[in-house]
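Novice: Would you mind keeping the following structure in view while I ask a few things?
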Amino acid sequence: MKKITYLFFLFFVLNLFSQQQTITYTVAPTSFEENQSVTLTFNGSSINEATWGVTGNALYLWAWSFDSNDLNIQDCPTNGTWTSSLETNRLTYVPGTDTYTISFVPQTFYSRTGIGRIGFLVKAKNATGDKKSQDILIEVGLFQSNLLTPAANSATIISSGGNLNITANNSNGNASYNLKANGVSINANAATANYSFNHTGITANQSYELDVTQSGITQTKKFNVIVNPGVISQALPAGVEDGINYNSSDATKATLVLDAPGKDFVYVAGSFNNWQPSSSYAMKKDATTGKFWLELTGLTSGQSYSYQYWVVDTTPTTNSPALVKTADPYSTLVLSPFDDPFISAASYPNLPPFPTGIEREVTVLQTGQVPYTWSAATTNFVKPNKDNLVVYELLVRDFDSDRNYQDLIDKIDYFKNLKINAIQLMPVMEYEGNESWGYNTSFHMALDKYYGTANKFKEFIDLCHQNGIAVILDVALNHAFGRNPMVRMWMKDPDGDGWGDPAADNPYFNEFAKHSYSVGSDFNHQQARTQYYTKRVVKQWIEEFKIDGFRWDLTKGFTQNCTGGDDACTNAYQADRVAVLKDYADYSWALDNNHYVIFEHLGGDSEEQQWANYKLGEGKGIMMWGEMTSKYAELAQGTSGDKDITRMGHVSRGFTGKRLIGYPESHDKERVLYSAFTFGNGAGAFPVQGNLTNVIKRMSAIGAVSILIPGPKMIWHFAELGHTGSIFTCGDGTVNTDYDITGGDCKLDTKPQPQWANNWLTDVNRSVVYNNWAKMIDLKKNNSVFNANYTISGQGGNNSVRQRVYLFGGTGSLTNVVILANFSVANLDIIADFPFAGTWHNLMDNSTLSVSNTAMPITIESGGFRIFGNAPAALSTTDFNPLVGISLVPNPASTYFMVNSTSFTKVHIYSMTGQLIKTFENQPDNYQYPISDLNQGVYFVKVSDDNNHNQTLKLIKQ
């Protein structure tokens, strides 16, 4: 028997948004077999092409199909990609009727047989940004059945003892009908084309299935009844908070708390009640707070359970649903039917399975969890000083090919050798989809599973702390996206697909954004509930994951005073967001006195000063992002333009303390060297446009006049290797920056991995940048003059290619530093303007310069730099006092090698991508290190002594 089960199915694509345009359509013929031609006609007046940026009537069909058992789903082979539909699927526009049509034979179009039903939507060629219609599902076959009342997949809310009338019909002659409630048949009819049954005296929740069978084919319609249990008033237990509350003394119990103002009743459905909650799973309601709660009992310690809330409003506002099934807003682990099937088992082993037949996300609950054992390095971690913080920003997805936390763990020496003292991760909270930057967050307290498990993430954090590196998280609390439970419980859902935007009665979100940079749904941070939620998020990551700081995304959106599109208001000083963001900072510091608080505001100085100078006398102060990409791009290009980089420092912005995280590059800005390579000066003896060698060389000079300016600074991953790829690089390596024409660029696309695939660490030009930056960062961390006073100037005015940074003050012998950089396309003499005569030291190579004339010119090659100090610099002893005179023999080697020294205790072998392959400790003299099992190629061998002095050598394995 062929069985087709009609379940709610939402076709999910990347970057799912809550808005979907509803279009009208017809199908001719209305019923058809898979080998018959069918024509789809879409009403042009129901499609707003302008909203999608569509010109020339370029609309496309995106299609998929189900097998006869409604299980195997396949995309149409001529879809193309979500960002670029194939012309095969372009709809034909008929001007006289203002319609779009497409005709096809299903088994040919979908390239399969045994089709049970087809699905499709209409989209722009590039549908990024939700430029698409709602999903449409059509049954295949002359036998069609229809559930008339209630609606398929609906939930009817009734009082206990109420009735439900069920009617249905079918085509192609008589069929047999069998109605089941909670798995038990309650009515059967052997031969009819019109079915009717009234189920009376209903006192418990019912899950119905109506099987309609004709000629051996069965179609199943599903629907539900939810019985109103009435108000069960009982006070909240002491000490519980919203979300899951585990019982510290009894692992068989857990208490769930949900704050759902305006809702009438809530059931808890889960694996512990077979997803069919009885009245004993109706949540109680606290009369004082209005919160719902329920204590679960009989749980097994260590076992993973999943659950949802069934939230009911018997009198919903217009276009809002009466029933919403949702995961817990305070989930710390979420299962998703949309994302989980595509998560690698290597990244997340033993991922709990998503429950069969359940819609949308569910929350995982597990009592008796074994806490992670943190090392003393984490429990006693002393955060690096804010003033000499060097933050390495990275996106886990694009850092290495496996795209997980293990990649970061394997590259710890890469970070350590670069000398950075903080890593900032782009959002890792549960976001929609897998291939994402993470700013489309839906569950802020849950770790997204695509990059790995919570324990693997904690292992990475612990390892960073063991190496003196702080971990900062980028958190998007300006907004949330459509899967967020607090959006969905109070949403407008006119098309009834279970997704929508916040309704006017939403107690967390604005119905319409109160600023001009809106993405997703806009949080109302003047609401007490939003503030409570935000602080719970802060607490979760600080206490559970030992996170050292947050970079708060898009803080301009934390106001209630503006409207969408009003840039002038949004960018102006707003006292309400100043106050609420100070309150959030205070809460963070109450949990962790030295917590890093960083705002991405990119606004006016007067407002940013309020945060940067806040509680500075207590050693705090909020660090502000200081974007300087265009200025440094102009420098790198060696062309005319504004090269005033004084705002890389805090003084120019009116900050009392050094609370500016200045940066030439970030995830959101074009690569400096891509701009130089593409648009740079192509003239002179050393042109940069199109000349890779000349372009990469300039990145060392960029580092000299950015990293070494006092105050915290930031590096965007692989700038230290002279990355020349565009931020708009597509997955196939092409570059697409043309958003306006194509309807979407490749900015958010997953990036290629040339830095590892092409072994950039061994590239003679790129490795120089890495090593120079490591030396500069070390200078900054270990010499107080780099955290003292400074001036920044361009000789010849702001447009000059000659840059000078002068640093003075601090303690110790090194109290004056002059940094010079030449961004011309020719070698230049630059007036150093030394503050006094005498012997000056080149801090990069320890050579000396005798200065008798303070205005003496210094010849600097095109793209070069000099760092002169009045005394030698203090450097860290770990890597800048290397072991000397060590070599490997034989080299090349096939089966083993030896080290020609006895002054070491450890040998580490790394792949060319930086992955640790083998470790040896305390081996005897003349030990033969085995390498027979290694593949042919080049490896790094790091030889270290007990004082962490080391030398790294290249080994060729034959």
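Novice: If you take the residues of segment 241-258 that are buried (at least 16 other Cβ atoms within 10 Å of the Cβ) and of a type in the set (S, T, N, Q), which of them is farthest from residue 445 (Cα to Cα)?
Specialist: 247
Novice: Go through (1) outside any helix (DSSP H, G or I); (2) among the polar types (S, T, N, Q); (3) surrounded by fewer than 21 Cβ atoms within 10 Å (Cβ to Cβ) one by one and return the number of the condition residue 531 breaks.
Specialist: That leaves (1) as the condition not met.
Novice: Output yes when any residue across segment 194-214 is hydroxyl-bearing (Ser, Thr, Tyr) and without any contact (Cβ under 8 Å) to a residue 24 or more places away in the chain, and no when none is.
Specialist: There is no residue in segment 194-214 that is hydroxyl-bearing (Ser, Thr, Tyr) and without any contact (Cβ under 8 Å) to a residue 24 or more places away in the chain.
Novice: If the requirement is being under 30 Å from residue 294 (Cβ atoms) and crowded, with 18+ Cβ neighbours inside 10 Å, which of these qualifies: 208, 177?
Specialist: When all the criteria are applied, what remains is 208.
Novice: Out of segment 813-857, which residues are under 21 Å from residue 700 (Cα atoms), in contact (Cβ under 8 Å) with a residue 40 or more places away in the chain and either assigned to a loop (DSSP other than H, G, I, E, B) or over 44 Å from the mean Cα position of the chain (by Cα) (or both)?
Specialist: Those that are under 21 Å from residue 700 (Cα atoms), in contact (Cβ under 8 Å) with a residue 40 or more places away in the chain and either assigned to a loop (DSSP other than H, G, I, E, B) or over 44 Å from the mean Cα position of the chain (by Cα) (or both): 823, 824, 825, 826, 827, 843, 844.
Novice: Moving on to the next point. Considering only residues that are surrounded by 18 or more Cβ atoms within 10 Å (Cβ to Cβ) and modelled with pLDDT of 95 or more, look in segment 789-801 and name the one that is nearest to residue 831 (Cα to Cα).
Specialist: Among those that are surrounded by 18 or more Cβ atoms within 10 Å (Cβ to Cβ) and modelled with pLDDT of 95 or more, it is 792.
Novice: A follow-up question, please. Could you list all residues from segment 321-360 that are in contact with a Pro (Cβ under 9 Å, 6 or more places away or on another chain) and of a type in the set (Gly, Ala, Ser)?
Specialist: Selection gives 322, 327, 331.
Novice: Mind checking which residues of segment 775-812 are under 39 Å from the mean Cα position of the chain (by Cα), of a type in the set (Val, Ile, Thr) and assigned to a loop (DSSP other than H, G, I, E, B)?
Specialist: Once the filter is applied, which keeps residues that are under 39 Å from the mean Cα position of the chain (by Cα), of a type in the set (Val, Ile, Thr) and assigned to a loop (DSSP other than H, G, I, E, B), segment 775-812 yields only 801.
Novice: Residue 672 - would you say it is touching an Asp or Glu at 6+ places or on another chain (Cβ under 6 Å) and crowded, with 21+ Cβ neighbours inside 10 Å?
Specialist: Considered against the rule, which asks whether it is touching an Asp or Glu at 6+ places or on another chain (Cβ under 6 Å) and crowded, with 21+ Cβ neighbours inside 10 Å, residue 672 comes out as yes.
Novice: Within 20 Å of residue 600 (Cβ to Cβ), small (Gly, Ala, Ser), assigned to a helix (DSSP H, G or I) and not assigned by TED's automatic domain parsing to the domain that holds residue 608: which single residue out of 666, 652, 700, 675 fits that description?
Specialist: Checking each option against the conditions leaves just 652.
Novice: From the set of residues in segment 622-657 that are touching a Lys or Arg at 6+ places or on another chain (Cβ under 7 Å) and more than 25 Å from residue 517 (Cβ to Cβ), which is surrounded by the fewest Cβ atoms within 10 Å (Cβ to Cβ)?
Specialist: Checked segment 622-657; the qualifying residue surrounded by the fewest Cβ atoms within 10 Å (Cβ to Cβ) is 644.
Novice: Restricting attention to segment 446-458, does a residue exist that is in a loop (DSSP other than H, G, I, E, B), touching a residue at least 40 places away in the same chain (Cβ under 8 Å) and more than 29 Å from residue 388 (Cα to Cα)?
Specialist: Checked segment 446-458: at least one residue is in a loop (DSSP other than H, G, I, E, B), touching a residue at least 40 places away in the same chain (Cβ under 8 Å) and more than 29 Å from residue 388 (Cα to Cα).
Novice: Would you confirm whether or not segment 549-564 contains a residue that is free of Cβ contacts under 8 Å to residues at least 40 places away in the same chain and small (Gly, Ala, Ser)?
Specialist: No, segment 549-564 contains no residue that is free of Cβ contacts under 8 Å to residues at least 40 places away in the same chain and small (Gly, Ala, Ser).
Novice: State yes or no: is residue 339 closer than 25 Å to residue 206 by Cα and surrounded by 20 or more Cβ atoms within 10 Å (Cβ to Cβ)?
Specialist: no
Novice: Residues in segment 140-147: is at least one touching a Pro at 6+ places or on another chain (Cβ under 8 Å), at pLDDT 90 or above and part of a strand (DSSP E or B)?
Specialist: no
Novice: Looking at (1) free of Cβ contacts under 8 Å to residues at least 60 places away in the same chain; (2) more than 17 Å from residue 356 (Cα to Cα); (3) in contact with a Phe, Trp or Tyr (Cβ under 9 Å, 6 or more places away or on another chain), which is the only condition residue 306 fails?
Specialist: (2)
Novice: Let me ask another. Can you confirm whether residue 376 is surrounded by fewer than 22 Cβ atoms within 10 Å (Cβ to Cβ) and in contact (Cβ under 8 Å) with a residue 24 or more places away in the chain?
Specialist: No.
Novice: Same structure, new question: For residue 681, are the conditions met, namely being part of a loop (DSSP other than H, G, I, E, B), in contact (Cβ under 8 Å) with a residue 60 or more places away in the chain, surrounded by fewer than 24 Cβ atoms within 10 Å (Cβ to Cβ) and of a type outside the set (Lys, Arg)?
Specialist: Yes; evaluated as a whole, the condition is true for this residue.
Novice: Is at least one residue of segment 624-632 farther than 21 Å from residue 437 by Cβ, β-branched (Val, Ile, Thr) and in contact (Cβ under 8 Å) with a residue 40 or more places away in the chain?
Specialist: no
The values are calculated or read from the model by the stated rules, or taken from the named source; none is laboratory data. None of the values given here were measured: they were computed from a predicted structure. With ideal geometry, Cβ positions are generated from the backbone for all residues, glycine too; neighbour counts draw on all protein chains shown.
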